[in-house]
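Inspection log for the structure reproduced underneath, given as structure tokens.
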Amino acid sequence: MKEYEINSQEYVTIRPDGFTVDDLHRIARRRHHVYLSDDSRRGIRESRRVVDDLLRQNAIVYGITTGVGDNSKIRIGREESAQLQLSLVRSHASGVGEPLSADETRAVMAMMVRNLSLGYSGIREEVVDLLLSMLNEDILPRVPRKGSLGYLSYQAHIASVLIGEGIAGVDGSEVSGAEALERRGLRPIALQAKEGLSLLNGTCDMVALGGLAVHDAVSLLKSADIASAVSVDGLRGNLSAFDTRIGAVKKHKGVGTTAENLRTLLQGSSLGEASSQDKVQDALSVRSIPQVHGAAKDMIRFVKSVVEDEMNSATDNPLVFAEDEMSLSSSNCHGESVAMALDMLAVALTELSSISERRTFRLTSAHHSGLPPFLSPNPGTDSGYMIPQYTAAALVSDNKRLAQPASVDSIPSAAGQEDHVSMGTSSALKSLEVIENVSQVVAIEFLCACQALELISSDPIGRGVAAAYDSIRAVVPRLESDRPVHRDIEAIHSMIVGEEIIDAVELIVSTLRTV
């Protein structure tokens, strides 16, 4: 991803509604500061008042005057409530493995703030403010990426730093949570009733990682459309498959959107000038770009709507309803909707990689392309781009494994009290892995398609295709003889991630359509 400095001039104001995937991207990746609206602050204060009243009444409320999980049968006295919250944070910080990246950690912290800001958690305003300060001051807790069934673990490692424990990154080094806070002039907070539970609960982790995945998927759709257009020109494809009349009778929005993008990108190509072409129709990996890329667009549009609905949902347990002066146990922390949606995101993107690799295969196969074997100017002595296609095939096979749904698996926990979980965090993590693989596969298609353009006649190519070709050739030269290819693939991959190819193309043609 692009690297950004902390940006205190640009900011996101969190309000009671309307939080989006783009807001999350701005906070997590572009490092914009975060503020709470007055309405959000008012809701936080009102819900806390209800918790204090329930404590005074000695009411039986899950996680306030009872234990949690299967311990919910055990009553907790008012004097033990603060210790319960501290113990929850300590005991639930049980993740393992490599840590989340800085962007991912910021995303989870942002979604914790967002969830608490809705005013259904009963947490004090000063606790949310400390979490906000950590986010804005770039104090990033070390959060192991494995061990979440859909909630609890990630948030516990973040909450550990709030109380002066755990480990956090600050100023380029990892230090204790207490030292990290001290370096920014902040002090640990002593948790009160319900606050530990509120910090841990909710679908924050899957929504945070899933939101980043959705943002990246939307960008990747554009790059895939551009790469496919370069391949169409390189393979001297038949443009009739992208005719407006075909899209008009296929009642899926993504099909028409993709065909429109292809027509835009290929405008000016000599392919559009011939009254008749040698090929009546191309192979499906070329002819059905609108249908396959379009299906991915339609699915990702749906996934985006699900994730954004969850971003604007209260997912704590119990929920505090200030207007009714009461607390209700809930299962809004169960993230099944998001888990299923993110599983489908992985499926959609896997198909995007699958059809991209098939075009790379055709580009490198002399039998299918009519071009020199493996796009080498010196076939026989040189292998050209034989092996990049192997790499793409390996990545696609990995994606097929990752496309298996996580949400259909569940193992009972908490002595059977939590006997069904969403596994939504696993869905989000594998979606991010699929996205990384797809972007590499598309980079390989760009590499081979640009080389194909070098080897065909000098007939005009599409305006958008030419813009993509020029941007890539500014970084990766044409292949004259065999050289290590991994650097070229990585260079194009970086351009895809940084949206440099998209930017170059959209300077020349109109903005491409996506979800």
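Scanning the range 410-440 for residues that are among the small types (Gly, Ala, Ser) and at pLDDT 90 or above gives Ser422, Gly424, Ser426, Ser427, Ala428, Ser431, Ser439. Remark: Ser337 matches the filter, which requires a residue to be assigned to a helix (DSSP H, G or I) and on the phi < 0 side of the Ramachandran plot. How do the pairs read when you match residues in the range 252-270 that are in the same structural domain as Ile456 (by TED's automatic domain parsing) and closer than 10 Å to Ile226 by Cα with residues anywhere that are in a helix (DSSP H, G or I) and of a type in the set (Asp, Glu), using Cβ under 6 Å and keeping only pairs 6 or more apart or on different chains? The qualifying pairs are Asn261/Asp225. Please find, within the range 296-330, the residue that is farthest from Glu46 (Cα to Cα) out of those that are of a type in the set (A, V, I, L, M, F, W, C) and assigned to a strand (DSSP E or B). Checked the range 296-330; the qualifying residue farthest from Glu46 (Cα to Cα) is Leu328. For the range 52-72, the candidate set comprises residues that are touching a Gly at 6+ places or on another chain (Cβ under 9 Å) and of a type in the set (Gly, Ala, Ser); within that set, the residue that is surrounded by the most Cβ atoms within 10 Å (Cβ to Cβ) is Gly63. Taking the range 366-394 as the range and being without any contact (Cβ under 8 Å) to a residue 24 or more places away in the chain and crowded, with 16+ Cβ neighbours inside 10 Å as the test, the residues that pass are Pro373, Phe374, Met386.
Looking for something acidic (Asp, Glu), without any contact (Cβ under 8 Å) to a residue 40 or more places away in the chain and under 23 Å from Asp324 (Cβ atoms) - is there at least one such residue anywhere in the range 28-49? Scanning the range 28-49 turns up at least one residue that is acidic (Asp, Glu), without any contact (Cβ under 8 Å) to a residue 40 or more places away in the chain and under 23 Å from Asp324 (Cβ atoms).
Condition check ((1) buried (at least 17 other Cβ atoms within 10 Å of the Cβ); (2) in a loop (DSSP other than H, G, I, E, B)) across all residues:
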| site | (1), (2) |
| --- | --- |
| Ser458 | no, yes |
| Ile461 | yes, yes |
| Val465 | yes, no |
| Ala468 | yes, no |
| Ser471 | yes, no |
| Glu490 | no, no |
| His493 | yes, no |
| Val515 | yes, yes |
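Would you say Ile289 is more than 30 Å from Thr425 (Cα to Cα) and of a type in the set (Val, Ile, Thr)? Here the answer is yes, as Ile289 does meet what is asked. You will find that of Ala393, Ala452, Ala415, the residue that is within 15 Å of Ser228 (Cα to Cα) and over 18 Å from the mean Cα position of the chain (by Cα) is Ala452 and no other.
The values are calculated or read from the model by the stated rules, or taken from the named source; none is laboratory data. Keep in mind that what you see is a predicted model, and the values were worked out from it rather than measured. Quick reminder, even Gly has a Cβ in these numbers, built from the backbone with ideal geometry, and neighbours come from all protein chains shown.
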